[in-house]
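Novice: First the structure, which I've put down as structure tokens, then a few questions once you've had a look.
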Amino acid sequence: MANLWNDLKHSLRSLFKNPGFTIAAVAALALGIGTNTAIFTVVNTVLLKPLTYPGADRIVQFLLTSPEGKGAGASPTKFNNWRQQTSVLQDVAAYDFGGPGFNLTGDHPEQVHGIHVSEAYFRLFGAPIMLGRTFTPQEDSPNGGKVVVISYGLWQRKFGGNPNIVGSALSLGNEPYTIVGVLGQSFATDPEADIWVPFQIDPNSTNQGHFFLAAGRLKPGATLAQANAQLNVAADQFRRRYPEGAMGPKEGFAVEPLRDSIVSDVRSSLFVLLGAVSLVLLIACANVANLLLVRASGRKREFAIRVSMGATRGRIIRQLLVESLLLAVTGGILGSILGYIGVRALLALSPGNIPRIGEHGASVGIDWRVLAFTLGVSLLTGIIFGLFPAISASRPDLNSTLKESSNRAGTGFRQSKARSLLVISEVSLALVLLIGAALLIRTFLALRHVDPGFNPHNVLTMEMSLTGDRFQKTAGVALLAQNGRDRINATPGVEASASTCCLPLEGGFGLPFNVVGRPLGKDPYTGGAGWMNTSPGYFDVFKIPILKGRDFKDSDTTGAPGVVLINESMAKKYWPKENPVGQQIIIGKGVGPQFEEPARQIIGVVGDIRDGGLNRDPRPLMIIPQAQVPDGMTALNASIGPVVWLVRTHTDPHQFMTSVSEQLRQASGGFSVARVRSMEEVVVHSTAREDFNMLLLAIFGASALILAAIGIYGLMAYSVQQRKQEMGIRMALGADRSRIRNLVVWQGMQLALIGAVIGIAAAFALTRFIANFLFGVKPYDPIVFVTVPVILSIVALLAVWLPATRASKLDPMESLRVE
């Protein structure tokens, strides 16, 4: 310990005597460790932190499996099956997180976020009860009454923390709901909720529509494998009970840990970003290792003298490792500060749809895992970049080293080769990052050139939750749609308006269908397609062309013959050689009584829109008039999604927010609107996560390129400094200055080209990990794999040109002088 203390004091003195070296090394390490800390902080919050619910490790999400993959989703019929699996599961609960808001009506109307839940939900997630109670099984049954549980935040904000709130009435959609409980402040959902309303799922339901989620808890002693085995049996039983295509022969049930299900969409992208910043850290380490090699080369005489006086090799290695670890720990401390600042900036740039982050990143912070990661990375990097220079410097050739002058120390082949290898590694790692960034930039550009199938300019969108008995029937919704459109269209500056269930680019519903008169094969359906409803005016708002037939009319109401529009993709897929206009289809047969309806006649074919996102091809789509939706589906839609109002204006649509909102409030009887956005904002948000990944990887790639250029420049500048005498001799013997410059340029470019070749080979192997993030470009895109090495070579040429030019301007007489 005494020797270690002495090494530490000696290292501190040595580093303080070389402030330029110390600042450069610490800055490079702080940048590398800081970026890693920032990304790991997000990874820790999203992937590593346990969920806050009691016994969260035993909570599982129900999944639907098929040969195409697996996904979370539940129908009333499947949910009723799952909550019967009591041998391995308990507290099986249904809930939705993406449903509409609830209209708090009264003196100060507002729309709040609500969740439909079954009565087991609160037990499953361990919700603390502040006041009152949660739902009883009777209240969660059909016609169980209108009751509600509210959040601590709503209790404080709306009711001033009134301790006698239980039993009071809360007006939702102009209808009274009884408050039966208030949840504790510590209970949080993602996204945050203000109220909870009972699902009231019929235990005898035959509804096969998937519109909510389901989770449960493994019983004590039960394992995940046992639960999945039991669900395999349950899936077979379910198929036999509902043979009419409710579940295909290759589909099944499964469960997985709830945390895994929540983060499944972002896990791979976070790991890619973590891998990218790890490469930046390795490049920073290579730069610092090069600095240490240069510094160790200048101290060879010192080490030779110490060895000649009896110092062991291990003593010298330990001394140098203490210095490198001291640098790493200092860089780690600064890196943790930069990491905290970086994660705040990261969350400010993020698209806001990363699970478990919370509003404004409130749940993201530095905890013991992040500190342990930063400390571990600091120590590991200190050993990685310090060990090789230490071993190299601990083996001096005493005879030759003591004879060398100080300005020639360190020009040996081993030191030069080591520094060259480090520069090659920097170039290759930078090239891998740059190729990944370039592929994502190409994806970004490709998405910007995608035709969405509609015109988003000057279109205002807003959502309205239609709660209450008034909107459980299609007639009430159709009347609101007509009155609302009449009021909006009368507003000066409005060109067209409509209402719909679903916005383009944000997904929607899917239903099976049969073509009347077409024989069926083994499957009970002709096929499946997307489903949506709209009022007249929808295609005028978005400028979507009617390719064949006609648009909806105001006369296409409940009493009129059923009609449907299909898109071009559906026409090409199911009527490739004939005109579908005039034919009839039956939508949703066998899915449940809510979906049952007579055949509809196809009255037209419309242009394709990308309803699932710009990076997804248009799917077959069926569109029916809003006034002809079956009453059962209208009631279901009211519980799982808002009505979306669309307004096309002649000028900036944001100018019409206040006037249109007021018109809709009057038309609906006091309901407020929420999520007021322009359609251009919707388009931008649809690619926000891809843009975020591209931006970060581009920043990391640019940082890697700069670090690699600095590494090449530093090596060549040092090489020129060490070879002054050689170059002086060459010029004295007749070599012209251009030859000297070209010699240095070629030496540096050799390293860059070798690194580029290695980097291209590595990129070929690694780009497959980002294949799922690409659109409109292949992982082995020839443009990228040619352009990026060329750009890197140009940067490398600039980095070596300055030292080469300096070498060509050396004074031969000055260079030939020796100490």
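The values are calculated or read from the model by the stated rules, or taken from the named source; none is laboratory data. Keep in mind it's a predicted model, so treat the numbers as computed, not measured. Here the Cβ is made from the backbone with ideal geometry for all residues, glycine too, and neighbour counts use every protein chain on show. Surface accessibility is based on the protein's heavy atoms, side chains included, excluding ligands, DNA and RNA. Shrake-Rupley method; radii C 1.70, N 1.55, O 1.52, S 1.80 Å.
Novice: According to the Cα gyration tensor, what semi-axes, each the square root of 5 times an eigenvalue, does the equivalent ellipsoid of the stretch 621-749 have, listed from largest to smallest in whole Å?
Specialist: One finds semi-axes of 72, 17, 13 Å for the stretch 621-749.
Novice: Could you give the angle, 0 to 90 degrees to the nearest 10, between helix 737-766's Cα long axis and the longest principal axis of the Cα atoms of the chain?
Specialist: Roughly 40 degrees, rounded to the nearest 10.
Novice: With unit charges on the beta carbon (Lys/Arg positive, Asp/Glu negative), name the residue among Ile794, Gly365, Val272 whose Cα is farthest towards the positive pole of the charge dipole of the chain.
Specialist: Ile794
Novice: Note the full-extension length gain between Asn455 and Trp5 as 0.36 nm times their separation in residues minus their Cα-Cα distance, in nm to one decimal.
Specialist: The span from Asn455 to Trp5 would gain 154.9 nm if fully extended.
Novice: In degrees between 0 and 90, to the nearest 10, how far off the longest principal axis of the chain does helix 267-298 point, with axes built from Cα atoms?
Specialist: Between helix and principal axis, roughly 10 degrees.
Novice: Just the C-alpha atoms of the stretch 1-160: what Rg/Rh do they give, with Rh taken as the Kirkwood radius?
Specialist: We get a ratio of 1.25 for the stretch 1-160.
Novice: For the chain, what does the helix formula give at 222 nm: sum of -39500 (n - 2.57) over DSSP H segments with n ≥ 4, over the residue count, nearest 500 deg cm²/dmol?
Specialist: Value at 222 nm, helices only, nearest 500: -16000 deg cm²/dmol.
Novice: Let me ask you something else. About the Cα centre, and with charges only on the beta carbon of Lys, Arg (+1) and Asp, Glu (-1), how big is the dipole of the chain? Nearest 20 debye, please.
Specialist: The calculation lands at about 3940 debye.
Novice: Starting from 0 in steps of 10 Å, tell me what percent of the Cα-Cα pairs of the stretch 446-574 lands in each bin.
Specialist: With a bin width of 10 Å, the distribution comes to 9, 34, 36, 17, 4, 0.
Novice: Pop out the carbon and sulfur fraction of the accessible area of the stretch 497-621 as a percent, whole number, probe 1.4 Å.
Specialist: The computed percentage sits at 51.
Novice: Another one. With no solvent and one equal point scatterer per Cα, compute the Debye intensity ratio I(q)/I(0) for the stretch 89-168 at 0.18, 0.21 Å⁻¹ and report its log10, rounded to two decimals.
Specialist: -0.91, -1.22
Novice: If you take every residue apart from Met570 with its C-beta less than 15 Å away from the C-beta of Met570, what net charge results, scoring Lys and Arg +1 and Asp and Glu -1?
Specialist: +3
Novice: Still on this structure: Compute the length gained on full extension between Asn232 and Asp265: take 0.36 nm times their separation in residues and subtract their Cα-Cα distance, giving the result in nm to one decimal.
Specialist: That works out to 9.4 nm of additional length.
Novice: How much of the calculated P(r) for the stretch 560-663 lies past 17 Å, in percent of all Cα pairs?
Specialist: Value for the stretch 560-663: 66 percent of Cα pairs lie more than 17 Å apart.
Novice: Also: Which order do Glu110, Glu323 take by accessible area at a 1.4 Å probe, largest first?
Specialist: Glu110, Glu323
Novice: Pulled fully out, how much extra length does the chain show between Ile783 and Ser186, if you take 0.36 nm times their separation in residues and subtract their Cα-Cα distance?
Specialist: Result: 209.7 nm gained on full extension.
Novice: Order the following by accessible area, largest value first: Asp194, Asp523. Probe radius 1.4 Å; ligands, DNA and RNA are ignored.
Specialist: Order by accessible area, largest first: Asp523, Asp194.
Novice: Can you pull a Stokes-Einstein diffusion coefficient for the stretch 617-682 at 20 °C (1.002 mPa s), Rh from Kirkwood over Cα pairs, as a whole number of µm²/s?
Specialist: The estimated diffusion coefficient comes to 148 µm²/s.
Novice: Another question, if that's okay. Angle check, please: helix 224-241 long axis (alpha carbons) against the longest principal axis of the chain (alpha carbons), in degrees 0 to 90, nearest 10.
Specialist: Once rounded, one gets 30 degrees.
Novice: How large is the direction-averaged shadow of the alpha-carbon convex hull of the stretch 708-771, in nm²?
Specialist: Reported value for the Cα convex hull: 5.3 nm².
Novice: Related question: Ignoring any ligand, DNA or RNA, what whole percent of the accessible area of the stretch 647-707 comes from carbon and sulfur when the probe is 1.4 angstrom?
Specialist: Looking at the stretch 647-707 in its full context, I get 61 percent from C and S.
Novice: Also, quick follow-up: For Phe16, what charge total do you get from the other residues with a beta carbon under 12 Å from its beta carbon, if Lys and Arg give +1 and Asp and Glu give -1?
Specialist: Net of charged neighbours comes to +2.
Novice: State, as an integer percentage, the relative contact order of the chain based on alpha-carbon contacts under 8 Å between residues 6 or more apart.
Specialist: Over the chain, the number comes to 17 percent.
Novice: Compute the accessible area per residue over the stretch 510-555, keeping the other protein chains in place, probe 1.4 Å, unit Å².
Specialist: Result: 47 Å² per residue.
Novice: To continue, here is another question. For the stretch 522-596, state the semi-axes of the equivalent ellipsoid (square roots of 5 times the eigenvalues of the alpha-carbon gyration tensor), sorted largest first and rounded to whole angstrom.
Specialist: 22, 18, 12
Novice: Please sort 81-89, 234-242 by packing, taking for each peptide the average over its residues of neighbouring beta carbons within 10 angstrom, highest first.
Specialist: Most protected by this proxy first, the peptides run 81-89, 234-242.
Novice: Determine the order of Val676, Val784 by accessible area, beginning with the largest, at a probe radius of 1.4 Å.
Specialist: Result, largest first: Val676, Val784.
Novice: Let me ask something additional. Students often get this wrong, so check it: of Lys522/Lys572; Lys78/Lys589; Lys70/Lys572; Lys78/Lys250; Lys250/Lys522, which have C-alpha atoms separated by over 20 Å?
Specialist: Correct reply: Lys522/Lys572; Lys70/Lys572.
Novice: Which of the GluC sites (Glu not before Pro) found in the stretch 544-605 are in a DSSP loop and have at most 15 neighbouring Cβ atoms, other than their own, within 10 Å?
Specialist: Glu578, Glu596
Novice: Okay, next question. Suppose R0 equals 41 Å; then what is the FRET efficiency for Asn164 and Leu380 from their Cβ-Cβ distance, rounded to the nearest 0.05?
Specialist: Efficiency, rounded to the nearest 0.05: 0.10.
Novice: Please give the Cα centre distance for the stretch 641-670 versus the stretch 273-296, rounded to the nearest Å.
Specialist: When both Cα centres are located, 55 Å separates them.
Novice: What net charge is computed for the residues neighbouring Gly755, neighbours being all others with C-beta under 15 Å from the C-beta of Gly755, Lys and Arg scored +1, Asp and Glu -1?
Specialist: Computed value for this residue: +1.
Novice: Simple spin-label model, 7 Å along Cα-to-Cβ: Ile729 to Glu251 in nm?
Specialist: Those two pseudo-labels are separated by 8.2 nm.
Novice: Let me ask something else about it. Relative to 2.2 N^0.38 Å, what does the C-alpha radius of gyration of the stretch 565-608 come to as a ratio? Two decimals please.
Specialist: With N residues counted in the stretch 565-608, Rg over 2.2 N^0.38 Å equals 1.26.
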